[in-house]
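Colleague: Take this structure, written in structure tokens, and hold onto it; I'll ask about it next.
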Amino acid sequence: LTVLDYCAKNATARFVKELMMGVDRIEDLKRFRFVERDTGKDQGVNVREKAAKLCDLLNNKDKLQDEREKAKLARERFHKDGGSGISSDDFRRGRRDWDDDDWDSDRKKDSDRASDRAAKPKDS
């Protein structure tokens, strides 16, 4: 249901249309029940709540359009501001102070090392 919620807000219009056509399957989950045998606790409540919210979203075209617009703006902000990031190499090196300038210098060091390896003559 979490993935479907994300897709309703971010996927193509065609996918959303297909999702809306299958909303009856999600409606069925609004009646989902699961009670733990040992504790008697109702664990199905989260599924019912998520299904109800998703059905409300899919059945309300204005709300769906608003949510899709918010998601689009968030994606645009992320792509605009997200040019730099944290790589797995940063974690392997134990770095905690990420900076764009460091990223550029690391790339230059890596490039210099590759050039040095290529320039070294191989022993036969």
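The values are calculated or read from the model by the stated rules, or taken from the named source; none is laboratory data. Since we're looking at a predicted model, the values are computed, not measured. Using ideal geometry, Cβ is built from the backbone for each residue, glycine included, and neighbour counts are taken over all protein chains shown. Just so you know, the surface numbers come from the protein's heavy atoms only, side chains and all, with ligands and any DNA or RNA stripped out. Shrake-Rupley method; radii C 1.70, N 1.55, O 1.52, S 1.80 Å.
Colleague: Taking segment 4-29 as the search range and keeping residues that are exposed (fewer than 15 other Cβ atoms within 10 Å of the Cβ) and of a type in the set (K, R), which one is farthest from D56 (Cα to Cα)?
Modeller: The extreme case among them is R14.
Colleague: Another question, if that's okay. Being open to solvent by 100 Å² or more (accessible area, probe 1.4 Å) and modelled with pLDDT under 90 is true for just one of D81, D89. Which residue is that?
Modeller: D81
Colleague: Moving to a separate point now. Contact list please: Cβ distance under 6 Å, first residue in segment 19-44 and of a type in the set (A, V, I, L, M), second residue assigned to a helix (DSSP H, G or I) and open to solvent by 60 Å² or more (accessible area, probe 1.4 Å), pairs at least six apart or on different chains.
Modeller: none
Colleague: Any idea which of (1) more than 20 Å from the chain's Cα centre (by Cα); (2) modelled with pLDDT of 95 or more; (3) open to solvent by 60 Å² or more (accessible area, probe 1.4 Å); (4) hydrophobic (A, V, I, L, M, F, W, C) is the one C55 doesn't satisfy?
Modeller: Every condition holds for C55 apart from (3).
Colleague: May I pose another question? Are any residues in segment 12-62 among the acidic types (D, E) and more than 27 Å from R75 (Cβ to Cβ), and if so, which ones?
Modeller: Within segment 12-62, the first condition is being among the acidic types (D, E), and the residues that meet it are 18, 24, 27-28, 36, 38, 42, 49, 56, 62.
Passing the criteria: D24, E27, D28, E36, D38, D42.
Colleague: Separate question: Which residues, taken from segment 30-77, are over 23 Å from R14 (Cβ atoms) and hydrophobic (A, V, I, L, M, F, W, C)?
Modeller: If the condition is that a residue be over 23 Å from R14 (Cβ atoms) and hydrophobic (A, V, I, L, M, F, W, C), then F32, F34, V35, V45, V47, A52 are the ones that fit.
Colleague: Pull up segment 34-52, narrow it to residues that are among the polar types (S, T, N, Q) and closer than 21 Å to T2 by Cβ, then point me to the one that is modelled with the highest pLDDT.
Modeller: Taking segment 34-52 first, the residues among the polar types (S, T, N, Q) are 39, 43, 46.
Within this subset, residues satisfying the condition of being closer than 21 Å to T2 by Cβ are 43, 46.
Details: Q43: 89, N46: 94.
If we take residues in segment 34-52 being among the polar types (S, T, N, Q) and closer than 21 Å to T2 by Cβ, then N46 is modelled with the highest pLDDT.
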